[in-house]
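Student: Next up is a structure, given as structure tokens.
The values are calculated or read from the model by the stated rules, or taken from the named source; none is laboratory data. As the structure is a computational prediction, the values presented were derived from the model and not from experiment. As a convention, Cβ positions derive from the backbone with ideal geometry for all residues, glycine included, and neighbour counts pool all protein chains shown.
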Amino acid sequence: MKFNTILLSLAAVLMMLTSQVALASGGSSVALKHANIDVTDREQLLRGLIVFTDICMGCHSAKYVTFKGLMDYPELGISREMADELRGEKPLMSGLITDLSPEDATESYGKVPPDLSLIVPGRRGGADYVYSLLTGYAHDPEGKVPEGNYNLYFPGHSTAMPDPLGWLDHEPEDEAEIIQQANDVTAFLAFISDPHQNERRTMGKYVIGFLILLTLVLFLLKKEIWKDVH
């Protein structure tokens with residue numbers, strides 16, 4: 001009886017581990033690739049911004065980030081001229097909104113593409129999932145999913161998003177550039193999902209340093225107060 005209980009417990013643990021791997025990869029059993037990003041790297045973030053506005057914004061929006069915000073965040077700090085070039089006729093306080101209407105999106109893709117403002121924290125696997133998705137297009141081994149819509153990392157492997165960076169059947173000499181684009185735009189999306197994260201991390205270092213110093217002072221004070229108590 002005790003042996004059966006142990007076996008059942010082991011089976012339950014294995015099932016939990018299997019489900020966690022699947023969830024971490026966005027519902028796929030394929031292990032996620034690692035995104036090489038740095039949300040403090042201004043050059044990478046700016047390259048990611050260009051990839052987002054030139055490619056992703058053809059279908060997707062990031063409505064919680066404004067063109068004014070792109071100027072104000074020190075990690076980006078784009079010029080007013082660049083902001084004006086990116087926004088066109090849109091107001092400076094407008095979010096990064098695609099020109100694709102919901103009606104046209106539904107007609108073309110069967111659904112409205114999701115807003116990407118919070119896509120990184122909103123997906124299990126975070127930045128790794130986004131990067132893996134962008135570089136996960138392949139040919140359906142069963143031939144059921146249309147070319148350009150089969151993705152190893154998307155739940156069910158069938159996505160309505162056509163291969164945005166041209167990963168499918170790319171030439172070997174283009175691979176490094178596509179990988180960089182995928183990393184760069186993933187870094188940008190990771191940054192805009194929490195634009196004040198770097199500021200908090202810097203502040204956190206000072207707070208931890210202060211607490212360590214305060215702990216040392218209080219420890220020395222305790223020793224001084226209790227030195228004559230036996």
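Student: Hey, can you tell me all the residues within segment 169-218 that are of a type in the set (A, V, I, L, M, F, W, C) and either touching a residue at least 12 places away in the same chain (Cβ under 8 Å) or touching an Asp or Glu at 6+ places or on another chain (Cβ under 9 Å) (or both)?
Tutor: Narrowing segment 169-218 to residues of a type in the set (A, V, I, L, M, F, W, C): 176, 178-179, 182, 185, 187-192, 203, 207-208, 210-214, 216-218.
Listed by number, the residues that qualify are 178, 179, 182, 185, 187, 188, 189, 190, 191, 192.
Student: Name the one entry in 229, 217 that is surrounded by fewer than 15 Cβ atoms within 10 Å (Cβ to Cβ), part of a helix (DSSP H, G or I) and more than 20 Å from the chain's Cα centre (by Cα). Walk me through it before giving the result.
Tutor: Numbers: 229 fails: part of a helix (DSSP H, G or I).
Answer to the check: 217.
Student: Then there is this: (1) of a type outside the set (Ser, Thr, Tyr); (2) in contact (Cβ under 8 Å) with a residue 24 or more places away in the chain; (3) part of a loop (DSSP other than H, G, I, E, B): which one isn't true of residue 127, the others all being true?
Tutor: Only one criterion is unmet by residue 127, namely (3).
Student: Evaluate segment 108-126: report whether one residue or more is within 22 Å of residue 179 (Cβ to Cβ), of a type in the set (Gly, Ala, Ser) and in contact with a Lys or Arg (Cβ under 6 Å, 6 or more places away or on another chain).
Tutor: No, segment 108-126 has no match at all.
Student: Say whether the condition of being surrounded by 10 or more Cβ atoms within 10 Å (Cβ to Cβ), in contact with a Ser or Thr (Cβ under 6 Å, 6 or more places away or on another chain), part of a helix (DSSP H, G or I) and at pLDDT 95 or above is met by at least one residue in segment 184-199.
Tutor: There is no residue in segment 184-199 that is surrounded by 10 or more Cβ atoms within 10 Å (Cβ to Cβ), in contact with a Ser or Thr (Cβ under 6 Å, 6 or more places away or on another chain), part of a helix (DSSP H, G or I) and at pLDDT 95 or above.
Student: In segment 162-183, which residues are surrounded by fewer than 18 Cβ atoms within 10 Å (Cβ to Cβ) and not in a helix (DSSP H, G or I)?
Tutor: 162, 166, 168, 169, 170, 171
Student: Right, next: Test residue 165 against the criterion of being at pLDDT 90 or above and among the aliphatic types (A, V, I, L, M), and give yes or no. Walk me through how you get there before you give the answer.
Tutor: Working: at pLDDT 90 or above: yes; among the aliphatic types (A, V, I, L, M): yes.
Against the criterion (at pLDDT 90 or above and among the aliphatic types (A, V, I, L, M)), residue 165 qualifies.
Student: Can you name the residue in segment 88-115 that is among the acidic types (Asp, Glu), surrounded by 11 or more Cβ atoms within 10 Å (Cβ to Cβ) and assigned to a loop (DSSP other than H, G, I, E, B) and, of all such residues, is farthest from the chain's Cα centre (by Cα)?
Tutor: Start the filter on segment 88-115 by keeping residues that are among the acidic types (Asp, Glu), which leaves 89, 99, 103-104, 107, 115.
With the extra rule that they be surrounded by 11 or more Cβ atoms within 10 Å (Cβ to Cβ), the set shrinks to 99, 104, 115.
Going one step further and asking which of them are assigned to a loop (DSSP other than H, G, I, E, B), we end up with 99, 115.
Numbers: 99: 23, 115: 13 Å.
Taking the candidates together, the pick is 99.
Student: Could you check, for segment 134-141, whether at least one of its residues is of a type in the set (Asp, Glu) and touching a Phe, Trp or Tyr at 6+ places or on another chain (Cβ under 7 Å)? Outline the logic, then answer.
Tutor: Filtering segment 134-141 down to residues of a type in the set (Asp, Glu) leaves 140.
Then drop every residue that is not touching a Phe, Trp or Tyr at 6+ places or on another chain (Cβ under 7 Å), which leaves 140.
Yes, segment 134-141 contains a residue that is of a type in the set (Asp, Glu) and touching a Phe, Trp or Tyr at 6+ places or on another chain (Cβ under 7 Å).
Student: Can you tell me which residue in segment 64-87 is surrounded by the fewest Cβ atoms within 10 Å (Cβ to Cβ), limited to those that are touching a Leu at 6+ places or on another chain (Cβ under 7 Å) and under 11 Å from residue 46 (Cα atoms)?
Tutor: Among those that are touching a Leu at 6+ places or on another chain (Cβ under 7 Å) and under 11 Å from residue 46 (Cα atoms), it is 75.
Student: Separate question: Based on this model, can you work out whether residue 134 counts as closer than 20 Å to residue 184 by Cβ and in contact with a strand residue (DSSP E or B) (Cβ under 6 Å, 6 or more places away or on another chain)? Quick ask: steps written out before the conclusion?
Tutor: Details: closer than 20 Å to residue 184 by Cβ: yes; in contact with a strand residue (DSSP E or B) (Cβ under 6 Å, 6 or more places away or on another chain): no.
When the stated conditions are applied, residue 134 does not pass them.
Student: Among what's in segment 30-85 and is polar (S, T, N, Q) and either outside any loop (DSSP other than H, G, I, E, B) or at pLDDT 95 or above (or both), pick the residue that is nearest to the chain's Cα centre (by Cα). Full working, then the answer.
Tutor: Looking only at segment 30-85, we keep the residues that are polar (S, T, N, Q), and these are 36, 40, 44, 53, 61, 66, 79.
With the extra rule that they be either outside any loop (DSSP other than H, G, I, E, B) or at pLDDT 95 or above (or both), the set shrinks to 36, 44, 53, 61, 66.
Numbers: 36: 11, 44: 14, 53: 16, 61: 15, 66: 18 Å.
Looking at the filtered set, the residue picked out is 36.
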